[in-house]
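What follows is a set of notes on a single structure, which appears directly below.
No lab work stands behind these numbers, since they all come straight from the coordinates. This is a predicted model, so every value here is computed, not measured. When we count neighbours, we look across all protein chains shown, and the Cβ atoms used for this are built from the backbone with ideal geometry, even at glycine.
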Amino acid sequence: MSDKKIRWLPWMLIVICVAHLALLAVAISDPEATLRFDRTGKRITSARLLLEAKGMAEVGPVLLTRGAPGDYLWHTLVLASTGQSLIAVQLVQLLLAALSLVAVHGIALALDGRREVALLATVLYAAIPIDFILPHFLASEAFFNPLLLFGVAALVRYATRAPDLRTIAAAGVAFGLAALTRPEALPWLIVMLAFAAALAMRVAREHVLLHTAVLGILTFAGVSIWLALTPSEPVALDRASLTLEWELANRANRVLSAAGGNTVGIEAAPLAAFCRSLVEHPLAFTREFVLQAGKLLALPDNLDTFRYLGFYEYTGRRAEWLHTLGVLGAARRAFAEMPGLATWLVVTIVVWLAIGVIALRGAAELLRRSEGVERFSADALGR
């Protein structure tokens, strides 16, 4: 990367910072902007219930019946200490976003070693539409994303500089709070645990069991206790919920309906129906997985800035177009209903793909320069 390109990167961060200040000014003039996000009505209600609760006898039922505690608890703590100021919540979230950029910079610098690459990674993360706008909403992701990054940063430090118990415990605390904030991330955190165990085998072989156990306990103990105490609810496909059972049932219903399979008994046995959909209709199951990934790439997150400004009305139905109309049908419908915003979606998809290419190239280069590859190449040449 040339010095000329490097000089532009700090200016891009300044532009992003100014844009954040502008969005903060919008929130000051229009407090409703902060609440234009998924489940903010339920989230603010949960926070107020906690604020009004008297003693643990009233706090406990709220924490066990209003979804993941971290979905609203962190917001409640800020509201309680600032006179219920939504602007204060946004300022705390912006501070966490800034610390996230520090974490991204540190991760890239530790893994690659080049200042310009670390700066580029920081700018890319700061400019991704959903990461850019999240700190301005009353959103659990505004706390979850930084916590996840802090945990990854601790793991990177553990692998590169400080393979000790304190560092792995820091990762566990961050991951544990993230799990309590968004339990749907548990599969990802299981991957992180497996990755950390492999790291411990390499950098702290004598303490691998202790370090892995500490990370596992700190990551999963809190959310496991909450899941064990939370009363289960019957699954009803026509009433969306945040439970794992509903998600499994919803996925199974989509796959079986698309493939013409038997949809009887899905609500009664979500896990069995999910496994059956995979075994009996693997192609339809793969299609559903691809469409779900496509939604994450395109809809609706990249329109949240317009939603914040009041230019886009979220209905919750557009996200289903991919499943009901297919990719081309969803694209035609989007351009017919909102041509300007659909064009923006296309731009953000291209940006996402470009970032993916950059990430893959960086990973390939990092792997190429790793000790294992160098040792393998040396052995091959030796032969």
Protection proxy ranking of 351-361, 26-36 - average other beta-carbon atoms within 10 Å, highest first: 26-36, 351-361
Stretch gain in nm, segment L64-A127, where the contour uses 0.36 nm per residue and the Cα spacing is subtracted: 19.1 nm
Sites L367 and M56, calculated FRET efficiency, Cβ-Cβ separation with R0 41 Å, nearest 0.05: 0.20
FRET E, pair I14, A110, Förster distance 30 Å, beta-carbon r, rounded to 0.05: 0.75
Residue-count net charge about L309 - beta-carbon cut-off 13 Å; Lys, Arg +1, Asp, Glu -1: -2
Charge tally in the Cβ shell below 15 Å around W188, where Lys, Arg are +1 and Asp, Glu are -1, W188 excluded: -2
Relative contact order [Cα under 8 Å, 6+ residues apart], the chain, whole percent: 14 percent
Gyration tensor (alpha-carbon) shape descriptor, the chain, a/c threshold 1.5: rounded
Selected from L322, L149, L119 as most flexible by GNM, with the chain as the system and alpha-carbon contacts under 10 Å: L322
Length-normalised contact order for the stretch 43-120 - Cα pairs under 8 Å, 6+ apart - percent: 20 percent
Which of P339, Y158, A363, positive extreme of dipole for the chain (C-beta unit charges): A363
FRET efficiency estimate (nearest 0.05) - Cβ-Cβ, L229 to R7, R0 45 angstrom: 0.25
3J(HN,Hα) from dihedral phi, the stretch 278-284, Karplus parametrisation 6.51/-1.76/1.60, rounded to Hz, x for glycine, proline: 5, 6, 7, 9, x, 5, 5
Only Lys, Arg (+1) and Asp, Glu (-1) charged, at Cβ; the stretch 111-216 dipole about Cα centre in debye: 300 debye
Over the chain: helical MRE at 222 nm, DSSP H runs n ≥ 4 each giving -39500 (n - 2.57), nearest 500: -25000 deg cm²/dmol
Calculated from backbone phi, Karplus (6.51, -1.76, 1.60) coupling profile of the stretch 110-124 in Hz, x at Gly/Pro: 5, 7, 9, x, 9, 4, 5, 5, 4, 5, 5, 4, 5, 5, 4
Dipole-positive endmost among A139, L73, P61 within the stretch 1-139 (Cβ charges, Cα centre): A139
Cα gyration tensor category, rounded, prolate or oblate, for the stretch 163-259 with a/c compared to 1.5: prolate
